[in-house]
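The structure that follows is given in the form of structure tokens.
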Amino acid sequence: MTKPTFVYDGECFFCRFWVARWRSRVGDAVRFVPFQDKEARPPGINLAVFEESSQFFMSGSRWSGAEGVFRMLAQGNTSGLLFAYVHIPGFRFVSEKLYTLTSSCRVCAWEITKMLFPSAKSQENSRKT
């Protein structure tokens, strides 16, 4: 059986920051792959799909956007968001809208992340030098 795989934009500061945080929560339960690594990402999916949003692959299924993130996080016993996504009216709609807003302006999302998480700014500065 193939390990669940989360595919993200490896050239995006915002994406890399959040993948590092998520990796610490799910441990080895999920494989993280930048979509730019065409040898490592799952085959048969158009590149435009990966450029549009992150993708989560597990047991022959694929999820994208907020649902993909929540399903990936559930692999590390962080299932509260997936439960809310599935069971709380309106949570799915709001989550997907926020994901779409975030992905449409990742520069803005990165600036907000740096304000809320000081470690993000230090990571960005260390990569610039």
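In segment 51-62, how many are within 16 Å of T2 (Cα to Cα) and either out of contact with any Gly (no Cβ under 7 Å at 6 or more places or on another chain) or free of Cβ contacts under 8 Å to residues at least 40 places away in the same chain (or both)?
Qualifying residue count for the region: 6.
Among (1) free of Cβ contacts under 8 Å to residues at least 12 places away in the same chain; (2) at positive phi, where does G65 come up short?
Of everything listed in (1) free of Cβ contacts under 8 Å to residues at least 12 places away in the same chain; (2) at positive phi, G65 misses just condition (1).
Please determine whether any residue of segment 90-108 is surrounded by 14 or more Cβ atoms within 10 Å (Cβ to Cβ), at pLDDT 95 or above and hydrophobic (A, V, I, L, M, F, W, C).
So far as segment 90-108 goes, yes, one or more of its residues are surrounded by 14 or more Cβ atoms within 10 Å (Cβ to Cβ), at pLDDT 95 or above and hydrophobic (A, V, I, L, M, F, W, C).
Sticking with this structure for a sec: Have a look at A48, A74, A40 and point out the one that is part of a helix (DSSP H, G or I), within 19 Å of D28 (Cα to Cα) and free of Cβ contacts under 8 Å to residues at least 12 places away in the same chain.
Values: A48 fails: within 19 Å of D28 (Cα to Cα); A40 fails: part of a helix (DSSP H, G or I).
Checking each option against the conditions leaves just A74.
Hey, could you check segment 1-37 for residues that are part of a loop (DSSP other than H, G, I, E, B) and of a type in the set (V, I, T) and say which is farthest from the chain's Cα centre (by Cα)?
Of everything passing the filter in segment 1-37, T2 is farthest from the chain's Cα centre (by Cα).
From the list V26, V33, V19, which residue is touching a strand residue (DSSP E or B) at 6+ places or on another chain (Cβ under 6 Å), over 24 Å from L101 (Cβ atoms), surrounded by 13 or more Cβ atoms within 10 Å (Cβ to Cβ) and not charged (D, E, K, R)? Walk me through it before giving the result.
On the way: V26 fails: touching a strand residue (DSSP E or B) at 6+ places or on another chain (Cβ under 6 Å); V19 fails: over 24 Å from L101 (Cβ atoms).
Being touching a strand residue (DSSP E or B) at 6+ places or on another chain (Cβ under 6 Å), over 24 Å from L101 (Cβ atoms), surrounded by 13 or more Cβ atoms within 10 Å (Cβ to Cβ) and not charged (D, E, K, R) holds for just one of V26, V33, V19, which is V33.
Another question, if that's okay. Quick one: what pairs do we get from segment 10-24, first residue touching a residue at least 40 places away in the same chain (Cβ under 8 Å), second assigned to a loop (DSSP other than H, G, I, E, B) and hydroxyl-bearing (S, T, Y), C-beta under 8 Å, 6+ apart or different chains?
C15/S54
The values are calculated or read from the model by the stated rules, or taken from the named source; none is laboratory data. As the structure is a computational prediction, the values presented were derived from the model and not from experiment. FYI the Cβ positions are ideal-geometry reconstructions off the backbone, even for glycines, and counts take in every protein chain you see.
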